[in-house]
1. Among the residues of region 13-35 satisfying the criterion of being within 13 Å of residue 2 (Cα to Cα) and without any contact (Cβ under 8 Å) to a residue 12 or more places away in the chain, which is nearest to the chain's Cα centre (by Cα)?
2. Quick check on region 8-49: of everything there that is modelled with pLDDT under 85 and among the small types (Gly, Ala, Ser), which residue is surrounded by the most Cβ atoms within 10 Å (Cβ to Cβ)?
3. Criterion first (part of a loop (DSSP other than H, G, I, E, B), surrounded by 11 or more Cβ atoms within 10 Å (Cβ to Cβ) and either among the charged types (D, E, K, R) or out of contact with any strand residue (DSSP E or B) (no Cβ under 7 Å at 6 or more places or on another chain) (or both)) does residue 5 satisfy it?
Amino acid sequence: MNNVNHVMRYALHRGLIATNNLAEIQREFDKPRVKGMNTIEPDKLTEFLAKFYQAQDDGRFSLLSFYTVMLADKTDLFTLEERCS
């Protein structure tokens, strides 16, 4: 929405339009809510770590690939708990 407003301001300053009708449009929309990172509940952590190290010992993945997935911003992937089971 901000980019559209920038274009409208540009057109206004260049005399291409008489008014910027989108100047206050951002007030019409709710601000996006920031979500924190998903976490594993403390009571499930022991089970998760056991499955994690078992999957590593089975040669299904390396620590490098694990950290690559963990550091990537991919919210549509399965949770690690589901991948390791």
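The values are calculated or read from the model by the stated rules, or taken from the named source; none is laboratory data. Everything numeric here is computed off the predicted structure, so don't read it as measured data. Here Cβ is always computed from backbone atoms with ideal geometry, including for glycine, and neighbour counts include all displayed protein chains.
1. Among those that are within 13 Å of residue 2 (Cα to Cα) and without any contact (Cβ under 8 Å) to a residue 12 or more places away in the chain, it is 31.
2. It comes out as 23.
3. Details: part of a loop (DSSP other than H, G, I, E, B): no; surrounded by 11 or more Cβ atoms within 10 Å (Cβ to Cβ): yes; either among the charged types (D, E, K, R) or out of contact with any strand residue (DSSP E or B) (no Cβ under 7 Å at 6 or more places or on another chain) (or both): yes.
Answer is no for this residue.
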